[in-house]
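As structure tokens, the structure follows; a few thoughts come after it.
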Amino acid sequence: MPRTAMAAVHDGDGSELKVREVTVDDPGPGEVLVRLGASGVCGSDRHVIDGEWTLPTPTVLGHEGAGVVEAVGAGVTDVAPGDNVILSWCYPCRRCRACAAGKAWACTGTRSGECLLPDGGTRLSDENGMVYPYLAVGTMSEYTVVPESAAVRVPAEVPFDVASLIGCSIATGVGAVVNNARVPAGASAAVVGCGGVGLAVVMGLTLAGAYPIIAVDTAEEKLAAARSFGATHTVRADKEPVATVVGEITGGGADHAFEVIGRVETIETLPSLLAPGGVGVLVGLPPEGARAGIDVLELAEAGKTLVGSNYGGAVPSLDFPRLADLYLAGRLPLDSLISHRIRLDEVNDAFDAMRAGTRTRSVIVFE
Ligand code: APR
Ligand code: ZN
């Protein structure tokens, strides 16, 4: 029996999100109906609202979510009703070469980027027809239907607000450190941009034993938060010459530098933060079509590397339970990342606060 759900819908016309009813169908074969417990408000949702990325519309936004399995379609064996799950915004097809190679984040068979389920449809609609779940999860909704491979079971002791963050910012940020950069203990690192994802990078660096850990942001609150998560030094990007200060702290440049904003201007500065042989990691996602200017002779002569990082190189079925266990063991202070717990109808205020840089992370909590 189809049900209605309140959801935050992006109409693609530049206006703010509308919180309104959508119809959610039963899960089809291989699909899972999830009642959301929480959804984080992430920078990627903001890129969509601000028109930097094109998407089919109308779209239920949100891609950082966790909840409980309400019902499963035919043939589903990974999860059962009552299970707590974290949703993956890139559901792996489990058939392509990337999936076979254990690189779920690089799956070529997924249709998540088109906001479609494997059969090319969605289970959401309104009076005008099909509604698209952002990245095939659409977590800013009371209910969603996702492919089985997008729902990863986690222990019920992990609260939904924390679990939701594991589904994007934590997997992305911690993963960039441990999966992509593989930062060894004692390596130096700079993190440019300390929003929800950047702070997760700082946590990952702390976990990995990096030193020094230099947090860079334009907002003092973000730098204070970064210190609480293990940053040993902070730099105000709007007041200090970032490359000079990073060079002084590290004695000639960082071994690793992470860009976690998604701005071309800051991506272009990454090589200047690195020591010869250093590695710059692109975690922030720029607008479509963005191009960066890099001094390529300097890059080559100094043997520097720039690498892209998508979803922290995560394999959700492996990484989500691992991150949940680290949280339960007290090794990842994820509760402290949540600055605001809000209702669904407060979502537009959360995006305004994100644009103003005044919040670390807002999480929508469903009743
Ligand atoms: N220099 C340093 N920091 C800056 C600058 C700058 N020039 N401009 C903005 N910032 C900081 C902001 O103050 C904020 O703390 O960058 C941070 C960006 O954080 P959020 O807007 O909260 O975004 P977040 O959810 O962390 O996502 C960051 O990662 O996964 C991607 O798509 C996501 O591109 C986005 C990025
Ligand atoms: Zn995200």
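Remarks
- Check on D119, within 16 Å of ligand 2 (Cβ to nearest atom) and over 16 Å from T59 (Cβ atoms): no
Per-residue answers, yes or no, for (1) assigned to a loop (DSSP other than H, G, I, E, B); (2) touching a residue at least 40 places away in the same chain (Cβ under 8 Å); (3) of a type in the set (D, E):
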| position | (1), (2), (3) |
| --- | --- |
| D26 | yes, yes, yes |
| V34 | no, yes, no |
| S39 | no, yes, no |
| H63 | yes, yes, no |
| V69 | no, yes, no |
| A74 | yes, yes, no |
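- Matching option when the condition is among the acidic types (D, E), within 16 Å of ligand 1 (Cβ to nearest atom) and open to solvent by 50 Å² or more (accessible area, probe 1.4 Å), among D11, D50, D45, D26: D50
- Segment 130-173, residues that are within 14 Å of G62 (Cα to Cα) and out of contact with any strand residue (DSSP E or B) (no Cβ under 7 Å at 6 or more places or on another chain): L135
- Flag if V197 is away from ligand 2 (no atom under 16 Å from the Cβ) and closer than 27 Å to G67 by Cα: no
- Residue among E31, E64 that alone is more than 16 Å from ligand 1 (Cβ to nearest atom), touching a Gly at 6+ places or on another chain (Cβ under 7 Å) and modelled with pLDDT of 95 or more: E31
- Here G252 does not qualify as outside any loop (DSSP other than H, G, I, E, B), more than 27 Å from R355 (Cα to Cα) and either more than 16 Å from ligand 2 (Cβ to nearest atom) or hydrophobic (A, V, I, L, M, F, W, C) (or both).
- Scanning segment 236-249 for residues that are touching a residue at least 40 places away in the same chain (Cβ under 8 Å) and touching an Asp or Glu at 6+ places or on another chain (Cβ under 9 Å) yields a single hit, A237.
- Among helices (runs of 4 or more DSSP H) entirely within segment 80-194, having at least 2 residues that are in contact with a helix residue (DSSP H, G or I) (Cβ under 8 Å, 6 or more places away or on another chain) and touching a residue at least 60 places away in the same chain (Cβ under 8 Å) singles out 160-165, 171-175.
- Selected residue [under 18 Å from G312 (Cβ atoms), open to solvent by 10 Å² or more (accessible area, probe 1.4 Å), of a type in the set (G, A, S) and touching an Asp or Glu at 6+ places or on another chain (Cβ under 8 Å)] from S149, S125, S164: S149
The values are calculated or read from the model by the stated rules, or taken from the named source; none is laboratory data. What you are looking at is a predicted structure, and each value in this text was computed from that prediction instead of being measured. Virtual Cβ from ideal backbone geometry, glycine too; neighbours counted across all protein chains shown. Surface accessibility is based on the protein's heavy atoms, side chains included, excluding ligands, DNA and RNA. Shrake-Rupley method; radii C 1.70, N 1.55, O 1.52, S 1.80 Å.
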